[in-house]
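First the structure, in the form of structure tokens, and then the observations on it.
The values are calculated or read from the model by the stated rules, or taken from the named source; none is laboratory data. Keep in mind that what you see is a predicted model, and the values were worked out from it rather than measured. Note that we place each Cβ from the backbone using ideal geometry, even for glycine, and neighbour counts take in every protein chain shown.
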Amino acid sequence: MYTLSQRLVFIGLALAGGLLILLMRQFLNDYILSIAGFVGIYVILAVSLNITNGFTGLFSLGHPAFMAIGGYTCAILTFPVQRKGYFLSGLPDWLAGTELSFFPALLIGGLFAALGSLLIGLPVLRLRGHYLAVATLGVIIIVQVLITNMGGITRGPLGLNGLPTLTNLWWVYLWVLITLYLGWKLKFSSFGRSMLAIREDEMAADCLGINLLRTRVQALMVGAFLAGVAGGLWAHLVTAITPKSFSLILAFTIVVMVVVGGSGSITGSLLAAVIFSMLTEAFRPLEESLNVYGIGEIVLSLILILILIYRPIGLFGTSEPGWLSPGKRKSLSGTAGD
Amino acid sequence: MTGSNTLQSELLSVEHLYKSFGGIQALTDYGLSLNQGELFGLIGPNGAGKTTVFNLLSGVLHPSSGRILFSGRDISSNRPYQNARLGLSRTFQNIRLFGDLTVEDNIKAAFHMPLGTHFWSTVLHLPGFMRSEREIARQAAECLHLLELAPYRQEKARNLPFGLQRRVEIARALASSPRLLLLDEPAAGMNPHETEDLMETIQSIHARYQLTICLVEHDMNVVMGICPRIQVLDQGRVLMEGSPQEIQNDPRVIKAYLGAPREECHAEN
């Protein structure tokens, strides 16, 4: 349970973030602002993957696939009606005549991604071990192929461009907050403890009455939902989406963020996502001037190797900073109050 | 010492249970009957099939044939979590704690099944969620206190010494509010002093909750002192069942343990 002062800290941090965005939008140019948007999207991706991989111990690589599902769903729903008939001839009439505003479109995109993860999760999560990694790897390919071949709905390999620029920092920040809230709430709750128990020892968890399949599928779906939303935000930040937008390399980048931050630590994923995505952007001018591309990835890989050698549990391990964790402050009183 | 004579209703009944792993017959025509409130001992030399019995009872393994009835209900094809929900709780021979979680969180995780809330009420912070978290915290504190684990509640489970880890595991099994508690070699790897302590704890739990407990032990002397009724298992078959005195004096038991001459040698360790 949280103390009042801890709640105030959370509210304070959220307000400080809002203030920061207010200042950024006032003083920074559009290029920097779009980079900030990407940083926020990476935070959503890393923290949500941490719920699946870090809390529940499911090694999923499926985030790009779920982003693609969410991104395309959202893009089709917000696509201007007058251009729909020409670009997307295969849409059924009721869909061709619909144009949703951003928030419901994002939600539906996320729900579709969660539905996709349910279809994968139900058969695969019955198995033990790392089958999920292989299966989700396959899903990235399957989703790409499907999108490429469903030309009437997705415009095939050309992708959808000229999407309305709906994503701004406020939208990203709202979803960052929702993601952090979900992660935090789950981690410090009975439901979250059942997820952690599965990660630590699935047989013991099973023998304590925890339904492994159900809990795992739920963990995968939460991650997929947020990835789907992130895909929608991404599409409307870049204002274009193609089957190749969300590739395996992206899955790799997000996994690295989770591992380096410490799988199981929300704070760790948050910081790792911020640092890595800013680092990659920082190397971009260098790459362009030297005409050597991929320096960012090399540095990313080097950091991963060093972390795996010297601090395999990641920067934060599985824990959060003590001053943010519930119950730590009054550890001597028997039953913690509210 | 025990209240086994007050209620003679049968809680668990196992009939003609067979289990084979490939060509190896691990259990042959196994039978067991446990009464409500009994403290029962299951002993046998290494490799006799004791842990296999527990794995079948808890649903970790499924029998090749035969029936397991738990308070009249056939549970032989249940998954472990289903058995746990019916009130069957167990510990493991090679301790399986949630190593990275604190002692307190290990116990709280066990309270999830009887008391915890699920996804939506957690995420939406419904009133039921706060109530359940408060109740879990209260009962976990009580459970920790009862097993004298309160001083270690913020320690990570994996950092505790062996004897305490065992204690945490028993506390965790108790937290899932079982009707039948299966303890798999609780004294394995403990020194005589720790063993004695543990046996006292088991007896006090048994008396306090009127709980039915089935205890697997490799070391005969451990169970002799506390279990009024004992079953001996050897090479997957029930050798005999009876009071400690009857067991101690039976030549077949002595033979099984001390390895009197026989054609097949079974591994001594």
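Would you be able to say whether some residue in region A:231-254 is within 14 Å of chain B (Cβ to nearest Cβ) and closer than 24 Å to A:TRP175 by Cβ? Looking through region A:231-254, none of the residues is within 14 Å of chain B (Cβ to nearest Cβ) and closer than 24 Å to A:TRP175 by Cβ. Has region B:11-26 got any residue that is aromatic (Phe, Trp, Tyr) and either over 15 Å from the mean Cα position of the chain (by Cα) or more than 30 Å from B:PRO161 (Cβ to Cβ) (or both)? There is at least one residue in region B:11-26 that is aromatic (Phe, Trp, Tyr) and either over 15 Å from the mean Cα position of the chain (by Cα) or more than 30 Å from B:PRO161 (Cβ to Cβ) (or both). In region B:159-210, which residues are polar (S, T, N, Q) and surrounded by fewer than 22 Cβ atoms within 10 Å (Cβ to Cβ)? B:ASN159, B:GLN165, B:SER177, B:ASN191, B:THR195, B:THR201, B:GLN203, B:SER204, B:GLN210 - these are the residues of region B:159-210 that are polar (S, T, N, Q) and surrounded by fewer than 22 Cβ atoms within 10 Å (Cβ to Cβ). Name the residue that is nearest to B:ARG153 (Cα to Cα), counting only residues in region B:95-135 that are more than 7 Å from chain A (Cβ to nearest Cβ) and touching a strand residue (DSSP E or B) at 6+ places or on another chain (Cβ under 9 Å). Here the residue is B:VAL103. Screening A:ILE241, A:ILE254, A:ILE249 for residues that are at pLDDT below 95 and surrounded by fewer than 23 Cβ atoms within 10 Å (Cβ to Cβ) leaves exactly one candidate, A:ILE249. Do we find that B:PRO151 is out of contact with any His (no Cβ under 6 Å at 6 or more places or on another chain), away from chain A (no Cβ under 12 Å) and without any contact (Cβ under 8 Å) to a residue 12 or more places away in the chain in this structure? Criteria not met by B:PRO151. Restricting region A:182-209 to residues that are in contact with an Asp or Glu (Cβ under 9 Å, 6 or more places away or on another chain) and within 7 Å of chain B (Cβ to nearest Cβ), the residue that is nearest to A:GLN6 (Cα to Cα) is A:SER189.
Go through A:TRP184, A:TRP175, A:TRP171, A:TRP94 for me and flag whichever is at negative phi and out of contact with any helix residue (DSSP H, G or I) (no Cβ under 7 Å at 6 or more places or on another chain). Going through A:TRP184, A:TRP175, A:TRP171, A:TRP94 in turn, the sole match is A:TRP94. Among the residues of region B:50-85, the ones that are surrounded by fewer than 18 Cβ atoms within 10 Å (Cβ to Cβ), within 14 Å of another protein chain (Cβ to nearest Cβ) and of a type outside the set (D, E, K, R) come to 2 in all. Residue count for region A:4-56, restricted to those that are within 14 Å of another protein chain (Cβ to nearest Cβ) and more than 16 Å from the chain's Cα centre (by Cα): 2.
Set side by side, the residues A:SER48, A:SER60 differ, and just one is outside any helix (DSSP H, G or I) and touching a helix residue (DSSP H, G or I) at 6+ places or on another chain (Cβ under 6 Å), which is A:SER60.
Would you say A:ILE76 is closer than 23 Å to A:TYR173 by Cβ and buried (at least 17 other Cβ atoms within 10 Å of the Cβ)? For A:ILE76, the condition - closer than 23 Å to A:TYR173 by Cβ and buried (at least 17 other Cβ atoms within 10 Å of the Cβ) - is not met.
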